[in-house]
Amino acid sequence: MTRGSIGLDSALQDYVVNHSTALDAVQQALVARTTELGSPSGMQIGAEEAQLLTLLVRLTNARHAVEVGTFTGFSAIAIARGLAPGGRLLCCDVSEEWTSIGRAAWKEAGVEDRIDLRIAPAAETLKTLPNEEYIDFAFIDADKPSYWTYYSELLPRLRSGGVIAVDNVLWSGRVVDADPEEESTRLMKDFNDKVVRDERVDVVMLPVGDGVSLIYKR
């Protein structure tokens, strides 16, 4: 079972998943393998969010995609499967251990030839990318304090009409706390406030998973 969407009870969550395209055997096996990790498995996106990513990549006809935060590779499969012919996905992560699980799943899913994995701090990797507007789609789901850094590196490289999807923007609902004690909550609130004021983009926040912002570059 993957992580549910915020605010949905179990019956409605099951209904949403059952009325979205089903995960295939490779995806289901990867979910099960990730669940064996225990508490870290909570970092994996839900089934409906994975299908949303695939659909978004197809709708943008993306050939150049970037993922910041790969974990065990579930979201990477979703993105890679949506790419246009000849498309490539750059995955940024710092864990050899967790991404090794992903590498095996990518091979089984038949998408390993579309994915370039770089094990290094994502901010460093992003700074090395060409300084031109060529990225069609990006997904940010990594360490929350660095969200604005990742966004700031990606947006200038995103083409007009490109999309950045950002995960965990509702932060388990804590973003509505008026004066949060937790620094991660304050940083997420600050990130959300900056994005909605950014005149370079249009943004919609969806209550999918733990909240997903879809950011469209004008």
(request) Would you please give the residues with an amide H less than 5 Å from that of VAL201, counting only those at least 5 places away or on a separate chain, with H modeled from the backbone geometry? (result) ARG218
(request) Show the residues, 5+ positions off or on another chain, whose built amide H is closer than 5 Å to the amide H of PHE139. (result) VAL66, GLU67, VAL68, ALA165
(message) Given the options SER39, ALA104, GLY86, identify the residue whose Cα lies farthest towards the positive end of the charge dipole of region 39-147 (+1 on Cβ of Lys, Arg; -1 on Cβ of Asp, Glu).
(response) GLY86
(message) Sort 104-116, 53-65, 158-170 by packing, meaning the average of other beta carbons within 10 Å per residue, with the highest value first.
(response) 158-170, 53-65, 104-116
(request) Using the charge dipole of the chain (Lys, Arg: +1 at Cβ; Asp, Glu: -1 at Cβ; taken about the Cα centre), state which of PRO130, GLN28, ALA11 has its Cα farthest towards the positive end. (result) PRO130
(message) At 24 angstrom or more along the helix axis (alpha-carbon based) and mean Kyte-Doolittle of 1.6 or higher, what helices does the chain contain? Whole DSSP H runs only.
(response) none
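Count the lysine pairs in the chain whose Cα atoms lie under 24 Å apart, taking only pairs 8 or more positions apart in sequence or on different chains.
Number of lysine pairs found: 8.
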(request) Please arrange TYR151, TYR216 by accessible surface area, largest first, computed with a 1.4 Å probe and ligands excluded. (result) TYR216, TYR151
(message) So if I take the centroid of the Cα atoms in region 165-214 and the same for region 30-86, what is the distance between those two points in Å?
(response) 20 Å
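The values are calculated or read from the model by the stated rules, or taken from the named source; none is laboratory data. Only a predicted model underlies this, so the values are computations on that prediction, with no experimental measurement involved. Heads up, the Cβs are rebuilt from the backbone with ideal geometry, glycines too, and the neighbour counts pull from every protein chain shown. Ligands, DNA and RNA are excluded from the accessible area calculation, which covers all protein heavy atoms including side chains. Shrake-Rupley method; radii C 1.70, N 1.55, O 1.52, S 1.80 Å.
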